[in-house]
Amino acid sequence: QPDDRGLIGDVPVLRVTRRGPEAVHFVPAALEPGAEVLLSLDWERRFDHMQQHSGQHLISAVAEQMFGFKTTSWELGRQRSVIELDTPLVTAEQVQALEESVNEKIRDRVPVTVRELAADDPEVETVKSRGLPDDHTGPVRVVDIQGIDSNLCCGTHVSNLSDLQVIKLLGVEKGKKNKTNLVFLVGNRVLKSIEQSHSTEKALTSLLKNGPGEHIEAVKRLQSSVKLLQKNNLNLLRDIAVLIARDFKSKPAPKQLFVLHRKEGDSEFMNIIANEIGTEETLLFLTVGDEKEAGLFLLAGPVEAVENLGPRVAELLGGKGAGKRGRFQGKAAKMSRRGEVQALLQEFISHQNPGA
């Protein structure tokens, strides 16, 4: 269970941890030894942890009683909590039956009590436990859910299951080592989840212009439309790439350097141009993406030239790349430096052909 937070006087507590029998508080400013201070607890945080922790005890106990599923560990997360069950499979029907059972016990207003036993008390051996820490001293703490569960625990808990309000089991996920993770919310977290879902539903209703019951079908239609548009756009880009290459090749005196940038292109767009133009004599520098931010680049041409220039082009563009057989391509973080790359390539060609 996560630690408590709050104030010591007006100094915030950043973290609390245990060192043997002592609670160590981490604060951002020094405190005067012996001073009388008012301690203020972050009750919303504490009560949330109480609800989730008592809920975990209840779910674990009932899951074992109903189906023989033993709890091997659990995690109290910031938004949702998870119980690791020692079973490879939990069916949807079992999840539903478990949820109905734990909520019935909440409605029964079952008391939750805390008692302390001496560490050598024989009764300690009859209580569920994952073992005590090596540096434990003093009595041990037992949390009892009347008639349901008795567990060694150092966490904070509610005094009655009715304080849990409600438990919602969100489903199961595949765990490690042939185990199953059961995801759950308790109390106020359920209310917050409903509020968030309702806000999302209202936003979707406004965007999709239909009722909640029609949201799924509306999204499916949008996805189909997007796929079709993407397919058409890709076909158009391919046609444009071929036309660009043919236009370049149709000129009476093709240049030794071909430079092109297109915001809407992709890797395939650049490679089509390179294939159509051919790279035996022409050096191509192609880029796609945002003109001033990140994008993709392709350097194609004579093998020796590309091997020499490729890493330098990537470095100028603040990116990384790799290549073989006369092509070097990768991602660029600084597309605004395309002009510097063009100047580098032009200088290279000038040195290769002094009389040009």
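The values are calculated or read from the model by the stated rules, or taken from the named source; none is laboratory data. Please read all numbers here as calculations on a predicted model, not as lab measurements. Neighbour counts are summed over all protein chains in view; Cβ atoms, including those assigned to glycine, are modelled from backbone coordinates with ideal geometry. These area figures cover heavy atoms from the full protein model, side chains too; ligands, DNA and RNA do not enter into them. Shrake-Rupley method; radii C 1.70, N 1.55, O 1.52, S 1.80 Å.
Listed values, structure above:
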{"item": "Residue list for segment 116-134, restricted to those being surrounded by fewer than 16 Cβ atoms within 10 Å (Cβ to Cβ) and outside any helix (DSSP H, G or I)", "result": "E116, L117, A118, A119, D120, D121, S129, R130, G131, L132, P133, D134"}
{"item": "Qualifying position, being among the small types (G, A, S) and at pLDDT 95 or above, among G34, G55", "result": "G55"}
{"item": "Every pair of residues 6+ apart whose Cβ atoms lie under 6 Å, when the first sits in segment 19-48 and is closer than 24 Å to R78 by Cα and without any contact (Cβ under 8 Å) to a residue 40 or more places away in the chain while the second is open to solvent by 90 Å² or more (accessible area, probe 1.4 Å) and of a type outside the set (A, V, I, L, M)", "result": "F26/R15"}
{"item": "Residues that are surrounded by fewer than 13 Cβ atoms within 10 Å (Cβ to Cβ) and modelled with pLDDT under 90, drawn from segment 321-346", "result": "K324, R325"}
{"item": "Test: T287 is surrounded by 11 or more Cβ atoms within 10 Å (Cβ to Cβ), touching a Gly at 6+ places or on another chain (Cβ under 8 Å) and over 24 Å from Q342 (Cβ atoms)", "result": "no"}
{"item": "Subset of segment 142-193 [of a type in the set (K, R), touching a residue at least 12 places away in the same chain (Cβ under 8 Å) and in a strand (DSSP E or B)]", "result": "K168"}
{"item": "Residue under evaluation A253, criteria (1) of a type in the set (A, V, I, L, M); (2) within 23 Å of V341 (Cβ to Cβ); (3) at pLDDT below 90; (4) not in a helix (DSSP H, G or I), criterion not met", "result": "(2)"}
{"item": "Residue pairs meeting the criteria (Cβ under 6 Å; at least 6 apart or on separate chains; first at negative phi and open to solvent by less than 20 Å² (accessible area, probe 1.4 Å), in segment 87-108; second in a loop (DSSP other than H, G, I, E, B) and of a type outside the set (A, V, I, L, M))", "result": "T87/F69"}
{"item": "Set Q96, Q65, Q79: member being part of a loop (DSSP other than H, G, I, E, B) and among the polar types (S, T, N, Q)", "result": "Q79"}
{"item": "Conditions (1) under 35 Å from the mean Cα position of the chain (by Cα); (2) loosely packed, with under 11 Cβ neighbours inside 10 Å; (3) modelled with pLDDT under 90: number failed by T137", "result": "(1)"}
{"item": "All positions within segment 14-43 that are part of a strand (DSSP E or B), over 28 Å from H57 (Cα atoms) and open to solvent by less than 90 Å² (accessible area, probe 1.4 Å)", "result": "F26"}
